[in-house]
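Have a look at the structure below, then the notes.
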Amino acid sequence: MKTGNQAPDFTLTDGEGNNWTLSNYKGHTVVLLFYPGDNTPVCTAQLCSVRDHWSEYQATGAEVVGISTDSVESHSGFAEKNQLPLRLLSDPDGKVSAAYDMKSWIPGRTARGVVVIDKEGKIAYHKVQAVSLFKPSDADVLAAIKAVA
């Protein structure tokens, strides 16, 4: 997955049971936050940090979604428990994670990483956390979004 490449289109189901399709957001900056799993310490810290900086994310105008291999039901409970404002998408077979080079060394899980897609649908930023025990910095993600806008 290289910057400048066309982002692979996909449709996944969110925690509310609604389908979300990437191509529906052409003309908008889109941020894909890949994470290994709901209700784990680092993932909870990561997504709660996004929640705590949500006004800054919203100010960019980007569509921000989380993606993991957890189920729709798991996402629903996780989002409700932590009052998460972003949409969480279920990638149960890991096909989207694989398409974006976010395959984890942990079987059945997604790697922790960030992809920013520009308004033309091209990869503008792609980063996989080398050590999944550390969450991406909100400042770094926000800077990547602003660099595209």
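Quick notes on this structure:
- Inter-residue pairs, beta-carbon under 9 Å, first more than 14 Å from residue 138 (Cα to Cα) and in the range 58-74, second of a type in the set (S, T, N, Q) and assigned to a helix (DSSP H, G or I), 6+ apart: 67/97; 68/74; 68/97; 69/97
- Evaluated against (1) assigned to a loop (DSSP other than H, G, I, E, B); (2) β-branched (Val, Ile, Thr); (3) within 28 Å of residue 4 (Cβ to Cβ), residue 50 falls short on exactly one condition, (1).
- Counting only helices (runs of 4 or more DSSP H) wholly contained in the range 71-149, the ones carrying 2 or more residues that are closer than 18 Å to residue 13 by Cα occupy 72-82, 95-99.
- Residue in the range 7-19 that is within 13 Å of the chain's Cα centre (by Cα), buried (at least 20 other Cβ atoms within 10 Å of the Cβ), in contact (Cβ under 8 Å) with a residue 60 or more places away in the chain and in a loop (DSSP other than H, G, I, E, B) present: no
- Residues of the range 20-44 classified as assigned to a helix (DSSP H, G or I) and either modelled with pLDDT under 95 or under 22 Å from residue 107 (Cα atoms) (or both), total: 4
- Hits in the range 20-29 (condition: buried (at least 18 other Cβ atoms within 10 Å of the Cβ) and touching a Lys or Arg at 6+ places or on another chain (Cβ under 9 Å)): 20, 29
The values are calculated or read from the model by the stated rules, or taken from the named source; none is laboratory data. Keep in mind it's a predicted model, so treat the numbers as computed, not measured. Glycine also receives a Cβ, built like all others from the backbone with ideal geometry; neighbour counts cover every protein chain displayed.
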